[in-house]
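The values are calculated or read from the model by the stated rules, or taken from the named source; none is laboratory data. Please read all numbers here as calculations on a predicted model, not as lab measurements. Positions of Cβ are backbone-derived with ideal geometry, glycine not excepted, and every protein chain shown enters the neighbour counts. Side chains are part of the model used for accessible areas, which takes the heavy atoms of the whole protein and leaves out ligands, DNA and RNA. Shrake-Rupley method; radii C 1.70, N 1.55, O 1.52, S 1.80 Å.
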Amino acid sequence: MISLNTLRTQFGVLLSVIIGGALLAFILSLKTEMGFSGNDPEVGEIDGEEVLYSEFLAAYDDVKTQMGGDSFDYDQSAQAVANTWQSLVADRVFVPNFENLGIVVSEAERKAMLQGEIPSGVYGSVFADPRTGTYNVAAVAEFLAQAESNPQVQHIWTLIDKQARLERAMNKYMDLVRGGAYANTLTLNKGLVAANNTYKGRFVACKYNKVADSLVVVSKGDIKKYYKAHKSQYKQTPYRTVNYALFEIEPTDEDKKAIEEEAKKAGAEFARVKDLKVFSRENRHASVASTFVAAKSLDTDEAKALNAGRTYGPELKGEEWYASRVAESRNVPDSLDLQHIVLSYVDGELADSLYNVVRSGKGDFAELAAKHSIAETGADGGKLGKVAYSTLAPEFADALKSARRGAVVKVAYGNAIQIFKVLGTGNVQKHYRLATLTYPVEASQATQRAVHTDASRFSVAAQGSVEKFEEAAAAQSVLPTSMNVEQGSRDIPGLANSLEVVRWANEAKVGDVSDIIKLEDGYVVAVVTAIDDSEYKSLESVSTQIKRTLLRQKKFALLKEKMQGATLEEVAENAGSKVESFEDAKSSAYYIQGLGVEPRVLGAIASVTAENTGSLLPVIEGASGAYVVVVDEVATEEAQTLDAERVKAQAEAEAMASRRAIWAVQEQADVKDLTVGYF
């Protein structure tokens with residue numbers, strides 16, 4: 001049967017998105033101990049309704065349990081929080097609206113999913129065979145049998161089943177969205193033009209930077225008017241601007257020399273000892289591998305030393321000193337062509353019977369696999385194909401180390417019994433099980449204390465205001481970094497594992513300076529220099545950007561008046577420019593030889609057909625200048641057919657509709673994630 005621990009392992013990240021329904025009463029009973037005193041904090045909003053701390057914690061605890069407990073690293077914790085939040089969004093937004101749309105998952109569908117008739121990513125991942133990765137229907141039956149008498153297993157089953165139903169409903173919804181997307185005639189025609197047409201012609205260009213800014217006037221009124229007309233373009237997520245000084249913990253030259261001496265001293269002992277397992281237990285820097293590696297896959301110098309029976313290293317590789325020795329050597333095929341029969345570990349008698357039948361040559365292996373194997377590959381005669389010996393788990397590597405073509409081997413491992421037949425072998429190669437010694441180059445305790453002292457001195461001097469922070473930075477020759485931290489963000493861009501800095505910043509006021517905050521590889525002292533909770537960027541913050549846009553538009557208007565004429569030569573003369581040429585232009589390339597990156601110009605060129613070449617196109621407002629273009633030649637080739645373009649365009653339309661559908665639903669729900677302050 002499948003144990004809870006095994007099941008959690010097979011869940012992996014999948015179950016981290018399962019919606020929790022855990023011990024709410026217990027959590028609420030802890031409010032006083034947690035300091036809430038009857039006040040349940042709000043950690044966010046979804047579709048206008050608050051998400052309370054207790055509700056989120058219940059779901060979060062479930063996610064952590066399914067992911068394997070509390071021993072999470074930084075990234076796993078962040079993933080658990082993100083997945084818990086998404087599960088609540090699904091519960092409050094997607095599920096109710098699926099019901100309104102009539103999207104339901106019937107009991108008949110659920111049974112078909114359990115039987116594997118309808119593919120289910122949830123069931124398929126949770127109840128995957130540990131060796132083949134294929135869906136194991138028998139494992140579901142075993143688990144449900146356990147659930148009848150074990151409340152904990154029943155609870156987990158409820159979560160699995162709920163997630164599987166949600167996945168099925170989401171797939172139905174996305175099928176509806178994709179079904180409504182189509183590639184129209186205009187899209188197809190443009191796609192064919194982009195794929196098949198190449199253009200050649202001439203142009204006159206007048207660059208904006210040749211027109212002095214003093215010749216055009218952009219008033220504050222112009223900027224304000226433009227801002228009001230285009231305000232939707234300046235929507236933003238609320239943010240705080242943080243300046244931070246980073247005091248990195250890096251090994252000094254003295255540290256590097258000391259580590260080198262320690263690594264070489266240990267390396268000498270490593271080369272002498274006879275019992276490598278005992279040595280690895282006594283030295284935390286040493287280990288003995290459980291799997292084998294092909295000698296030919298090693299670095300040349302390492303392979304040369306090991307092949308000669310010597311210890312390799314210690315050598316400095318990247319940021320660590322590395323040494324290796326051969327713990328065990330085998331001359332085995334570099335690959336094995338295998339087929340197998342997979343049985344549950346409770347079917348020992350059947351396994352013995354099949355093993356004897358196959359070994360005697362009385363039974364057809366492929367037929368027996370198709371009939372008895374619980375792995376989906378059994379339908380294909382149990383064929384696994386070629387498997388590298390270096391990828392085999394120790395139990396399989398031991399059992400197959402002497403196997404030859406036609407050999408039959410039985411191995412009990414994990415929750416399964418497997419019967420292998422060797423269909424063929426690769427070239428015999430030397431393989432090693434290695435003992436290794438690694439000493440990372442890292443800062444000493446003395447260096448870490450010195451960095452801490454520097455950070456502490458800076459923090460004390462910087463307290464009080466942004467000005468004092470800047471004065472302290474100048475006094476200690478520290479170069480601060482400025483970054484915007486958006487609402488809901490869990491990290492500061494460019495500063496790894498900076499959740500604690502973000503949490504401090506979210507609670508701080510402008511001018512507040514932090515104490516030293518410990519990060520993985522150093523210390524940070526930060527100051528909040530600005531807070532902007534507005535829905536839109538301010539006029540002041542975007543006025544320079546708007547002014548550049550308006551300057552370009554006004555310069556274009558001036559140039560347009562000059563770029564007149566019946567021919568390109570007349571236009572060039574009137575504009576004080578010259579006629580230039582381009583060739584091999586394609587609208588799918590986004591770049592024109594001789595013109596550069598000018599999307600509007602390229603779009604105008606691509607509008608010309610073979611029937612109307614030679615005519616002056618209207619003056620084009622480009623990114624870097626004004627242009628007048630004549631297309632002299634349109635060459636067409638059958639690089640793309642209409643049918644092929646239709647398939648491509650339809651796939652792109654469906655993909656875009658799918659992406660935008662999810663985004664649109666969440667945008668309408670007005671989600672506000674404030675969990676960073678608590679989790």
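Some notes on this structure:
- Counting only residues that are open to solvent by less than 50 Å² (accessible area, probe 1.4 Å) and either touching a residue at least 24 places away in the same chain (Cβ under 8 Å) or of a type in the set (D, E) (or both), region 401-414 holds 2 of them.
- Hits in region 552-611 - residues which are in a helix (DSSP H, G or I), open to solvent by less than 20 Å² (accessible area, probe 1.4 Å) and touching a Lys or Arg at 6+ places or on another chain (Cβ under 8 Å): L568, A572, A575
- Taken over region 439-465, the criterion of being in a helix (DSSP H, G or I) and open to solvent by 30 Å² or more (accessible area, probe 1.4 Å) is satisfied by Q445, A446, Q448, R449, A450, H452, T453, D454, S456, R457, V460, A461.
- Residue in region 74-95 that is outside any loop (DSSP other than H, G, I, E, B), closer than 30 Å to E42 by Cβ, open to solvent by 40 Å² or more (accessible area, probe 1.4 Å) and hydrophobic (A, V, I, L, M, F, W, C) present: yes
- When each of V105, V193 is tested for being among the β-branched types (V, I, T), out of contact with any strand residue (DSSP E or B) (no Cβ under 8 Å at 6 or more places or on another chain), assigned to a helix (DSSP H, G or I) and buried (at least 16 other Cβ atoms within 10 Å of the Cβ), the lone residue that passes is V193.
- For region 261-277, the criterion of a residue being over 30 Å from R433 (Cβ atoms), open to solvent by 30 Å² or more (accessible area, probe 1.4 Å) and within 40 Å of the chain's Cα centre (by Cα) is satisfied by no position.
- Boolean, D301 is farther than 23 Å from Y135 by Cβ and at pLDDT below 90: no
- Number of the condition not met by G382 [criteria: (1) under 30 Å from Y312 (Cα atoms); (2) touching a Ser or Thr at 6+ places or on another chain (Cβ under 9 Å)]: (1)
- Test: Y432 is surrounded by 14 or more Cβ atoms within 10 Å (Cβ to Cβ) and modelled with pLDDT under 90: no
- Unique residue being farther than 30 Å from I341 by Cβ and of a type in the set (A, V, I, L, M) when the list is V217, V137, V122: V217
- V485 at pLDDT 95 or above, open to solvent by less than 50 Å² (accessible area, probe 1.4 Å) and not small (G, A, S): no
- Taking first residues from region 144-163 that are open to solvent by 20 Å² or more (accessible area, probe 1.4 Å) and partners that are at pLDDT 80 or above and part of a helix (DSSP H, G or I), the Cβ contacts under 6 Å between residues at least 6 apart in sequence or on separate chains come to Q146/V153; Q154/A147; W157/A147; Q163/V122.
- Of residues in region 505-546 being assigned to a strand (DSSP E or B) and not hydrophobic (A, V, I, L, M, F, W, C), the one nearest to A455 (Cα to Cα): Y523
Quick grid of which residues meet (1) touching a Gly at 6+ places or on another chain (Cβ under 7 Å); (2) closer than 11 Å to G201 by Cβ; (3) among the small types (G, A, S):
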residue: S588; (1), (2), (3): no, no, yes
residue: G596; (1), (2), (3): no, no, yes
residue: R600; (1), (2), (3): yes, no, no
residue: I620; (1), (2), (3): no, no, no
residue: V634; (1), (2), (3): no, yes, no
residue: D643; (1), (2), (3): no, no, no
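- Contacts under 7 angstrom Cβ, first residue in region 247-275 being under 30 Å from V524 (Cβ atoms), partner of a type in the set (S, T, N, Q) and not in a loop (DSSP other than H, G, I, E, B), 6 or more apart: I249/T447; I249/Q448; P251/T447; T252/T447; D255/T447
- Among the residues of region 108-141, the ones that are open to solvent by 50 Å² or more (accessible area, probe 1.4 Å), charged (D, E, K, R) and touching a residue at least 24 places away in the same chain (Cβ under 8 Å) come to 1 in all.
- Note on region 586-605: residues that are more than 28 Å from L551 (Cβ to Cβ) and in contact with a Ser or Thr (Cβ under 7 Å, 6 or more places away or on another chain) total 1.
- Some residue of region 646-669 being at pLDDT below 90, more than 17 Å from A205 (Cβ to Cβ), open to solvent by 40 Å² or more (accessible area, probe 1.4 Å) and not in a helix (DSSP H, G or I): no
- So A58, is it part of a helix (DSSP H, G or I), farther than 23 Å from A661 by Cβ, in contact with a helix residue (DSSP H, G or I) (Cβ under 6 Å, 6 or more places away or on another chain) and of a type outside the set (D, E, K, R): yes
- Residue match in region 364-378 (condition: out of contact with any Gly (no Cβ under 7 Å at 6 or more places or on another chain), surrounded by fewer than 15 Cβ atoms within 10 Å (Cβ to Cβ) and part of a loop (DSSP other than H, G, I, E, B)): yes
- Matching residues, region 529-551, being hydroxyl-bearing (S, T, Y) and open to solvent by 50 Å² or more (accessible area, probe 1.4 Å): S534, Y536, S541, T544
- Any hit, region 56-65, residues being closer than 30 Å to I417 by Cα and open to solvent by 20 Å² or more (accessible area, probe 1.4 Å): yes
- Within region 207-236, the residues that satisfy the criterion of being charged (D, E, K, R), surrounded by 12 or more Cβ atoms within 10 Å (Cβ to Cβ), farther than 30 Å from A572 by Cα and over 38 Å from the mean Cα position of the chain (by Cα) are D222, K224, K225.
- Here S329, S324 are screened, and the one residue that is part of a strand (DSSP E or B), of a type in the set (S, T, Y), open to solvent by less than 20 Å² (accessible area, probe 1.4 Å) and touching a residue at least 40 places away in the same chain (Cβ under 8 Å) is S324.
- Flag for A635 being in contact (Cβ under 8 Å) with a residue 40 or more places away in the chain, of a type in the set (A, V, I, L, M, F, W, C) and assigned to a loop (DSSP other than H, G, I, E, B): no
- Enumeration of residues in region 612-634 that are within 21 Å of N189 (Cα to Cα) and surrounded by fewer than 13 Cβ atoms within 10 Å (Cβ to Cβ): N612
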